[in-house]
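Colleague: This is the structure, below, for whatever I ask next.
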């Protein structure tokens, strides 16, 4: 039975072996840069085309995952997600192409981080905050606050502000900063 870290490492090994540019976003990014929380899926943005569907699905199937090349092609055509299920655990990969400007920014800004002996490409904290504010669920806002609080000494605040303007979440970004800064100031 694989754990989440094993699934992430195996998936990224497959993508790297295929020379597919990818970025891990969502809950796994929030775990790395913000706060630990449970998740059963690994959200990935992939730089792929319909012609990559067969070799991608074949490589995943050989390594213990379940995905159909038809599902990959359909998702890319419809600009939707496709699931890659790990047959050795309860985890799944929730994959999509780089359809929007925000998703292309995530690929461009991705950070290379060490995970054991391997490296992974993960959403930059600045982009992760803005993405979480864009989605805006209570869980997403908590994730954004945690990433901001934990990464504050290393954050490029001008970059976050620029991204917030570009993607229309300036009000949410400013409110998050006020809330978290007030909490941080009250700490001994």
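Colleague: Looking only at region 23-41, how many residues end up being surrounded by 23 or more Cβ atoms within 10 Å (Cβ to Cβ) and in contact with a strand residue (DSSP E or B) (Cβ under 6 Å, 6 or more places away or on another chain)?
Modeller: Residues flagged as surrounded by 23 or more Cβ atoms within 10 Å (Cβ to Cβ) and in contact with a strand residue (DSSP E or B) (Cβ under 6 Å, 6 or more places away or on another chain) within region 23-41 amount to 4.
Colleague: Filter region 110-126 down to the residues that are free of Cβ contacts under 8 Å to residues at least 40 places away in the same chain, closer than 16 Å to residue 147 by Cα and not in a strand (DSSP E or B) and list them by number.
Modeller: 124, 126
Listed here are the residues, each with its yes/no results for (1) in contact with a strand residue (DSSP E or B) (Cβ under 8 Å, 6 or more places away or on another chain); (2) at pLDDT below 95; (3) in a loop (DSSP other than H, G, I, E, B); (4) closer than 24 Å to residue 130 by Cβ.
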site: 43; (1), (2), (3), (4): yes, no, no, yes
site: 48; (1), (2), (3), (4): yes, no, yes, yes
site: 52; (1), (2), (3), (4): no, no, no, no
site: 55; (1), (2), (3), (4): no, no, no, no
site: 60; (1), (2), (3), (4): yes, no, no, no
site: 70; (1), (2), (3), (4): no, no, no, no
site: 84; (1), (2), (3), (4): yes, no, no, no
site: 96; (1), (2), (3), (4): yes, no, no, yes
site: 106; (1), (2), (3), (4): yes, no, no, yes
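Colleague: So for region 162-173 (the condition being in the same structural domain as residue 128 (by TED's automatic domain parsing), exposed (fewer than 14 other Cβ atoms within 10 Å of the Cβ) and assigned to a loop (DSSP other than H, G, I, E, B)), does at least one residue qualify?
Modeller: Looking through region 162-173, at least one residue is in the same structural domain as residue 128 (by TED's automatic domain parsing), exposed (fewer than 14 other Cβ atoms within 10 Å of the Cβ) and assigned to a loop (DSSP other than H, G, I, E, B).
Matching residues to (1) free of Cβ contacts under 8 Å to residues at least 60 places away in the same chain; (2) over 27 Å from residue 169 (Cα atoms):
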{"residue": "26", "(1), (2)": "no, no"}
{"residue": "30", "(1), (2)": "no, no"}
{"residue": "39", "(1), (2)": "yes, no"}
{"residue": "48", "(1), (2)": "yes, yes"}
{"residue": "51", "(1), (2)": "yes, yes"}
{"residue": "68", "(1), (2)": "yes, yes"}
{"residue": "77", "(1), (2)": "yes, yes"}
{"residue": "96", "(1), (2)": "yes, no"}
{"residue": "131", "(1), (2)": "no, no"}
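Colleague: Can you tell me how many residues within region 1-25 are over 18 Å from residue 86 (Cα atoms) and assigned to a loop (DSSP other than H, G, I, E, B)?
Modeller: 4
Colleague: Select from region 146-160 the residues that are over 12 Å from residue 33 (Cβ atoms) and in contact with a helix residue (DSSP H, G or I) (Cβ under 7 Å, 6 or more places away or on another chain) and write down the one among them that is surrounded by the fewest Cβ atoms within 10 Å (Cβ to Cβ).
Modeller: Result: 156.
The values are calculated or read from the model by the stated rules, or taken from the named source; none is laboratory data. Just so it is clear, the model here is predicted, and its values are computed rather than measured. Heads up, the Cβs are rebuilt from the backbone with ideal geometry, glycines too, and the neighbour counts pull from every protein chain shown.
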